[in-house]
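The values are calculated or read from the model by the stated rules, or taken from the named source; none is laboratory data. Keep in mind that this is a model prediction, so the values were computed, not measured. Here Cβ is always computed from backbone atoms with ideal geometry, including for glycine, and neighbour counts include all displayed protein chains. Surface areas here come from the heavy atoms of the whole protein model, side chains and all, with no ligands, DNA or RNA. Shrake-Rupley method; radii C 1.70, N 1.55, O 1.52, S 1.80 Å.
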Amino acid sequence: MEFFGSSLAFSCLFFLFLTGTLAQDIGSIITRDLFEKMLSFRNNNQCPAKGFYTYDAFIAAANSFPGFGTTGDDTARKKDIAAFFGQTSHETNGGASGTYEGGYCYVRQIEQSDRYYGRGPIQLTSQANYDRAGRGIREDLVNNPDLVATDATISFKTAIWFWMTPQDNKPSCHDVIIGRWTPSAADISANRQPGYGVITNIINGGLECGMGQKEEVENRIGFYRRYCSMLNVAPGDNLDCYNQRNFAQG
């Protein structure tokens, strides 16, 4: 009976792992209840993406990236998640300015003049990024870009792929926020120091960084601070990129 009980317990745990309930420990930080509180505005009637971004889709996508929200100590893991949702909430914001509660309202960019317009939590844009992300998650996004706006799990996967993947001279957002990135001489010269501000630079530095105080950067910080508070973790230093040279400038 002991053997049967042990086997049954293992089977139950394995089932939970497969269904995403354990989510490689990310589910222990972002529970369904916390997810709903963090992103409560997303199912507002005014949101074009109402009903799209689900907890189950997030967990399923997170399971494809074992290091996401699971690397380092408790502080690092929580900051990783708070930063991810801080940046993506800004990208998909439909709430009033300064409230930091309107994230995940949009799945599609309002301006859609190009086939590879922004879609999903990170608002994936350009054919090159659709190509890279598609190869990263093993989906043909070049020929089927709208998968990012119609399949919630794929949508979250593209955002987490972007978060976890270094590109060109940019480190990954994940490595920056968990403290695993060491600035190069070029980074130091450009005033790019470890912290949330470098992540804004990675995502949209060409339009937002090195230009003094900007509302968009403030908005990204506001979301991040809110989620850090909900996760009971300090946001750390170097939150803005006002005086950072963007990565495209070397």
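Among the residues of segment 170-209, those that are open to solvent by 50 Å² or more (accessible area, probe 1.4 Å) and in a loop (DSSP other than H, G, I, E, B) comprise GLY179, ARG180, THR182, SER184, ASN191, GLN193, PRO194. For segment 102-122, state whether one or more residues are assigned to a helix (DSSP H, G or I) and either open to solvent by less than 60 Å² (accessible area, probe 1.4 Å) or modelled with pLDDT under 95 (or both). Scanning segment 102-122, I find no residue that is assigned to a helix (DSSP H, G or I) and either open to solvent by less than 60 Å² (accessible area, probe 1.4 Å) or modelled with pLDDT under 95 (or both), so the answer is no. Within segment 132-150, if we keep just the residues that are of a type outside the set (Ser, Thr, Tyr) and open to solvent by 60 Å² or more (accessible area, probe 1.4 Å), the residue that is nearest to the chain's Cα centre (by Cα) turns out to be ARG132. Of the residues making up segment 151-169, one or more are part of a loop (DSSP other than H, G, I, E, B), of a type in the set (Asp, Glu) and surrounded by fewer than 24 Cβ atoms within 10 Å (Cβ to Cβ). A single entry from ASP33, ASP80, ASP56 fulfils the requirement of being over 14 Å from the mean Cα position of the chain (by Cα) and either without any contact (Cβ under 8 Å) to a residue 24 or more places away in the chain or open to solvent by less than 20 Å² (accessible area, probe 1.4 Å) (or both): ASP33.
A quick yes/no check of all residues on (1) of a type outside the set (A, V, I, L, M); (2) out of contact with any strand residue (DSSP E or B) (no Cβ under 6 Å at 6 or more places or on another chain):
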| residue | (1), (2) |
| --- | --- |
| PRO145 | yes, yes |
| THR158 | yes, no |
| TRP161 | yes, yes |
| VAL176 | no, yes |
| GLY206 | yes, yes |
| GLY212 | yes, yes |
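Filtering ARG119, ARG138 for residues that are at negative phi and without any contact (Cβ under 8 Å) to a residue 40 or more places away in the chain leaves a single hit, ARG119. For SER126, the conditions (1) more than 14 Å from ALA49 (Cβ to Cβ); (2) surrounded by 14 or more Cβ atoms within 10 Å (Cβ to Cβ) all hold with the exception of (2). With respect to ASP114, determine if the residue is under 26 Å from TRP181 (Cβ atoms) and more than 17 Å from the chain's Cα centre (by Cα). Taking the combined requirement at face value, the residue does not satisfy it.
Selection of segment 12-30 for residues being modelled with pLDDT of 50 or more and either at positive phi or open to solvent by 80 Å² or more (accessible area, probe 1.4 Å) (or both) yields ASP25, SER28. Within segment 214-237, none of the residues are within 21 Å of GLY67 (Cβ to Cβ) and open to solvent by 50 Å² or more (accessible area, probe 1.4 Å). Based on what the data block shows, is PRO66 over 19 Å from ASN204 (Cα atoms), modelled with pLDDT of 95 or more, of a type outside the set (Val, Ile, Thr) and part of a loop (DSSP other than H, G, I, E, B)? Taking the combined requirement at face value, the residue does not satisfy it.
Whenever a residue of segment 149-163 is closer than 11 Å to ILE137 by Cα, its partners that are open to solvent by 20 Å² or more (accessible area, probe 1.4 Å) and not in a helix (DSSP H, G or I), lying with C-beta atoms within less than 7 angstrom and at least six residues away or across chains, give the pairs ILE154/GLU139; LYS157/SER64; ILE160/PHE65.
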